[in-house]
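Read the structure below first, then the notes.
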Amino acid sequence: MGNNKISDIFIEPDLGTFLEVLLIIFGALLLIQAIQKLFPWIANRLYGASRLFILAMIPLLRLILIITAFVLIIPRIIEPSLQNLIPLLGTLGIALGFAFKDFASSLIAGVVAVGERPYHNGDWIEINGIYGEVKHIGMRAVQLVTPDDTAAYIPHIKLWTEPILNANNGTPALQCVANFYLHPDHDGARVKQLLHDVALTSPYLNFEEPIAVVVQDQPWGTHYRIRAYPIEPYQQFRFISDLTIRAKAGLKNLGIIFAVVPALPKNKDTR
């Protein structure tokens, strides 16, 4: 009984079984493609948490479809008994483990990413110095689109070795910072109020989140930071640009002098 060959585990193939397996695979692929097209289309017509929730469902549904297809196919090609499954899965596991060690690690990390959800579709994350919006979470890699519209594909295996910075973590709340460096000789209270008013009047401002103006003295001057939240995370760069342009105009109208770091002499050895 314990001397069954691997070939004895498989059910005798016939045309009907072959067609059923093909139909399951084709159906799963078709549904996955439909989800990956339809859900982003729906999400792009929504706002806030609803948009991010729809995007976050894509990798989870894809994983469910893959597991369902696997469960449906297995009983059609092997006798569904524990005695048959153990040697088959053991043999496949050893072979795939040696042949696709790095690929398998990324796949496992992809399953972990779906379970732990360190990033979701629609999140703005930074991994290994690459910052961008999560557009697609595959089984092996996550696709980011950077601010300059470049697609970056990062293997999930980076989960094991690299810190992941998530700017909004599945929510519409993404804090933006606009920096200003001013000469120390000015009325700090007046500047702080102006910067607060600039943020308050931005068309991109999310009024449900707080505005903060942080002031810090430096040896070369005073560093001001406006910290506020746009309505949607993808508006962050337009928001920062709007804050910067209007704040600089307001500061110039007040006669505020901006701090300038002195240039090094040309004959200075900078090595």
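The values are calculated or read from the model by the stated rules, or taken from the named source; none is laboratory data. Because the structure is a prediction, the values reported are computed rather than measured. With ideal geometry, Cβ positions are generated from the backbone for all residues, glycine too; neighbour counts draw on all protein chains shown. Note: accessible area is taken over every heavy atom of the protein model, side chains too, but ligands, DNA and RNA are not part of it. Shrake-Rupley method; radii C 1.70, N 1.55, O 1.52, S 1.80 Å.
Assorted remarks:
- Checking F207 against (1) without any contact (Cβ under 8 Å) to a residue 12 or more places away in the chain; (2) in a helix (DSSP H, G or I), the condition it does not meet: (2)
- Note on segment 193-204: residues that are within 15 Å of K248 (Cβ to Cβ) and not in a loop (DSSP other than H, G, I, E, B) total 5.
- As a summary of the residue check, A212 satisfies the conditions (1) at negative phi; (2) touching a residue at least 40 places away in the same chain (Cβ under 8 Å) except for the one numbered (2).
- On inspection, P210 passes the criterion of being surrounded by fewer than 19 Cβ atoms within 10 Å (Cβ to Cβ) and over 30 Å from I67 (Cα atoms).
- Any chance A43 is surrounded by 14 or more Cβ atoms within 10 Å (Cβ to Cβ), at pLDDT below 75, of a type outside the set (V, I, T) and touching a Lys or Arg at 6+ places or on another chain (Cβ under 8 Å): no
- Every listed requirement among (1) in a loop (DSSP other than H, G, I, E, B); (2) touching a residue at least 12 places away in the same chain (Cβ under 8 Å); (3) open to solvent by 80 Å² or more (accessible area, probe 1.4 Å) is met by R190 save one, (1).
- Of all residues in segment 162-187, exactly one satisfies the criterion of being aromatic (F, W, Y) and crowded, with 17+ Cβ neighbours inside 10 Å, namely F180.
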